There are 2 protein chains.
Amino acid sequence: MSTLGFALLSLLTRGPATGYELSQRMKAPIGHFWTAKHSQIYPELARLTELDWVTATEGEGPGPRAKKTYSMTRAGREALHEWLVQPPVSQPRSEVTLKAYAINSADPGAATALYEQVAAGAAATLAEYEAEAELMRQAGMDHADHPRFGNYAVLRMGIESQRALHTWAAWLAGRLRSGM
Amino acid sequence: MSTLGFALLSLLTRGPATGYELSQRMKAPIGHFWTAKHSQIYPELARLTELDWVTATEGEGPGPRAKKTYSMTRAGREALHEWLVQPPVSQPRSEVTLKAYAINSADPGAATALYEQVAAGAAATLAEYEAEAELMRQAGMDHADHPRFGNYAVLRMGIESQRALHTWAAWLAGRLRSGM
DNA sequence: GCCCACATGTAATCAGTTACATGATTCT
DNA sequence: AGAATCATGTAACTGATTACATGTGGGC
């Protein structure tokens, strides 16, 4: 099973949902670290159904096709349970870091502007996440026994990532300015 | 042109190379943020050659085929120059963060062990990167005018990323222990 | 003799994005 | 009347991994 399959199972731990709702749920907070379009989600749900890791109950849809609400099965829960504690393998990809590798081939002014912009964007996103995290703490979501502690944990990673990006981009912009 | 194409051009700013050498060069430091197998690199070099962004000079190879050494052309340098200052679009993917989202469905003991392991791994990688960065500073690579400043900049992002990962994983492991 | 480094490719498959296709309800 | 939201799918294509395929030279 692909990572996306487990991502969908993870989303279903928050309760049954349609493919459409799963794609909405995927937006925040895990969308900061894993995304998929509906065109990838629907076939994946079909595969999960084949495996009997999820089941669908059909109902009246707004369009020409039936609306299907998916729930995890016992087998799905077991598969997820195992996957969750396997050491992760995927390595990150970062286009902005790749660009920094060839920075001496870039126009200094434009490059400085780019990394200042990246730093500013990271600062803005960070502020957003911090505000959301504060709301979550007020709801008690920062305790491991809260049913949506996972949302808080993911947001914390978002905060750490954006902080790292901000620190780095601001440092780089500064270096470029002093080297001009 | 795909991101990989620009990654290869970036690697060629360090001097002409064969496909094989490019795949070696890709290992460190940019391999921490962008990788490709040789099976993806060779066809991509062919596409870059079609575009006249690189040229190959052929020579005797160790195997049945000729060894080709690639160099960037003026057009390649111009294309890279433009790409370097375009705002990056790709969003990161993190399997370990995805797993944290469904943490309440995991076995608490195994999950604690997993995040402790992630934290320990990040600490080890961080120490490695710090040592390498110190060597680079001694070589003067921390100045924007040094021809390999890009290597140092990428390594700095590696340091910030590992620091963020370590902070987060250690925090999460601590939370899981206190919630047990 | 066997493994490793050097060196280059192709084929099959899987993962992910973009575009195409349909249609009801609700809000402006 | 037109746009947005709800809702589900397929087709075509691009990007990336795994597996197949070949062959030399050097070290143990």
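Key figures
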{"item": "The stretch B:16-74: C-alpha gyration tensor shape, a/c 1.5 cut-off, then a/b vs b/c", "result": "oblate"}
{"item": "For residues of B:172-179, the mean tally of beta carbons on other chains within 10 Å", "result": "3"}
{"item": "Reach of residue A:68 by Cα under 14 Å, taken over aspartates and glutamates that are not fewer than 8 positions away in the same chain", "result": "A:21, A:44, A:58, A:60"}
{"item": "Rounded to the nearest 20 debye, dipole of the stretch A:10-134 from Cβ charges on Lys, Arg, Asp, Glu", "result": "420"}
{"item": "Farthest positive-ward along the stretch A:4-141 dipole, Cα basis, beta-carbon charges - from A:9, A:64, A:83", "result": "A:64"}
{"item": "Chain A: calculated mean residue ellipticity at 222 nm from DSSP helix runs of at least 4, using -39500 (n - 2.57)", "result": "-20000 deg cm²/dmol"}
{"item": "10 Å binning of all Cα-Cα separations within chain B, expressed as whole percents from 0 upward", "result": "8, 27, 27, 21, 12, 4, 0"}
{"item": "Subset of A:37/B:99; A:37/B:27; B:27/B:67; A:67/B:99; A:99/B:37 violating a 26 Å alpha-carbon distance limit", "result": "A:37/B:27; A:67/B:99"}
{"item": "Phi to ³J(HN,Hα) by Karplus 6.51 cos²θ - 1.76 cosθ + 1.60 over the stretch A:49-63, Hz, x for Gly, Pro", "result": "5, 3, 6, 6, 8, 9, 10, 10, 10, 8, x, 5, x, x, x"}
{"item": "Sites residue B:39 and residue B:91, calculated FRET efficiency, Cβ-Cβ separation with R0 25 Å, nearest 0.05", "result": "0.45"}
{"item": "Overall Cα dimensions of the stretch A:4-103 - principal axes, largest extent first, Å", "result": "56, 34, 21"}
{"item": "Max mean-square fluctuation residue, GNM over chain A, Cα-Cα springs under 10 Å, options A:44, A:21, A:82", "result": "A:82"}
{"item": "Virtual spin-label span in nm between residue B:28 and residue A:146, 7 Å along Cα→Cβ", "result": "4.2"}
{"item": "Dimensionless Rg ratio for the protein assembly as shown, taking C-alpha atoms and the 2.2 N^0.38 Å reference", "result": "1.11"}
{"item": "Rule-of-thumb Rg ratio for the stretch A:89-180 [Cα; 2.2 N^0.38 Å; N residues]", "result": "1.37"}
{"item": "Vicinal HN-Hα couplings computed from phi for the stretch A:14-24 (Karplus, 6.51 cos²θ - 1.76 cosθ + 1.60; Hz; Gly/Pro x)", "result": "8, x, x, 7, 7, x, 4, 5, 4, 5, 6"}
{"item": "Shielding of A:107-114 by partner chains, average beta-carbon count, 10 Å", "result": "3"}
{"item": "Separation between Cα centres of the stretch B:59-130 and the stretch A:113-180, rounded to whole Å", "result": "20"}
{"item": "Efficiency of FRET between residue B:57 and residue B:134 - r from beta-carbon atoms, R0 41 angstrom, step 0.05", "result": "0.60"}
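Throughout, read-outs are computed from the coordinates displayed, never taken from laboratory work. These figures come from a predicted structure and were not determined experimentally. Cβ coordinates were reconstructed from backbone atoms using ideal geometry, including for glycine residues, and neighbour counts include every protein chain displayed.
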